[in-house]
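Below is one structure, written out as structure tokens; the observations come after it.
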Amino acid sequence: GVVPKIMRQIFHWPVMGGIGLLIISTTVEMSIAAPVGLALYKKACKKCHGKLGEGKKSKADPSKFKYPPINQLSEENLGKAINKYREMWQRQTFNKTEKKMAKPSGKLSDEDIKALVAFITSKLKKNE
């Protein structure tokens, strides 16, 4: 079914073993995470991924993204990606392309990542 946008911001329905679990993110957590997530997004993500997380197309080939959209990713996938790049930065195991994502991710704490993921997946979520 279709879940209203405001409900997606408050409730999340992960599926584990075929059983839907309801996890409630309190309004207090959302109100604290949103400004922190926005500030982190502007500093670390906006330049490449765009104002709304829409990504940026390649100038050489406009049918491809130079920087992919991130406003359609799930919390889990986005968190995994940011953590992967943070680990690359900490270990200094990245190529030239990966460095663009690893460097800003490398400076994020666990709490920063949580706030950033919450902001992107709730405030920038693309309407389906």
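Give segment 89-110 a look and list any residue that's open to solvent by 90 Å² or more (accessible area, probe 1.4 Å), over 15 Å from Lys43 (Cβ atoms) and in contact (Cβ under 8 Å) with a residue 12 or more places away in the chain, or say none.
Gln90
Answer yes if at least one residue in segment 37-50 is among the aromatic types (Phe, Trp, Tyr) and open to solvent by less than 40 Å² (accessible area, probe 1.4 Å), and no otherwise.
Yes, that holds for at least one residue.
Could you count how many residues in segment 59-74 are closer than 18 Å to Tyr41 by Cα and open to solvent by less than 80 Å² (accessible area, probe 1.4 Å)?
Residues meeting the conditions: 7.
In segment 68-100, what count of residues is obtained for those that are assigned to a helix (DSSP H, G or I), under 17 Å from Gly37 (Cα atoms) and of a type in the set (A, V, I, L, M, F, W, C)?
3
The values are calculated or read from the model by the stated rules, or taken from the named source; none is laboratory data. In this text, all values refer to a predicted model and were calculated from it rather than measured experimentally. Counting neighbours? That spans all protein chains shown, and the Cβs are built from the backbone with ideal geometry, glycine included. Surface accessibility is based on the protein's heavy atoms, side chains included, excluding ligands, DNA and RNA. Shrake-Rupley method; radii C 1.70, N 1.55, O 1.52, S 1.80 Å.
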